[in-house]
Amino acid sequence: MHHHLAIAGRKGALIAADEAARLHRYASGVPRALNNVATAALMAAAAESKGIVDDVCAKKAVAELARS
């Protein structure tokens, strides 16, 4: 994720390190699953006008995807 963010021009973190690890664990390292949960976490952060995915946003994303 960090590599892709750097290519896109993002200088700072977009997802807190602990939360990136949480998302990775949830996705079991499967790229498509990680993309889905990271997208959900970014949308949760945007909905709350946050500049970074924090614990609350990551938990919301995991919970939402676990329901589907």
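Within the range 36-52, being of a type outside the set (Gly, Ala, Ser) and either more than 19 Å from ARG67 (Cα to Cα) or in a loop (DSSP other than H, G, I, E, B) (or both) holds for GLU48, LYS50, ILE52. Just name the residue that is modelled with the highest pLDDT out of those in the range 11-29 that are surrounded by 12 or more Cβ atoms within 10 Å (Cβ to Cβ) and assigned to a loop (DSSP other than H, G, I, E, B). Ranking the candidates gives ALA16 first.
The values are calculated or read from the model by the stated rules, or taken from the named source; none is laboratory data. Treat the numbers as computed from the prediction; the structure is a model and nothing was measured. Quick reminder, even Gly has a Cβ in these numbers, built from the backbone with ideal geometry, and neighbours come from all protein chains shown.
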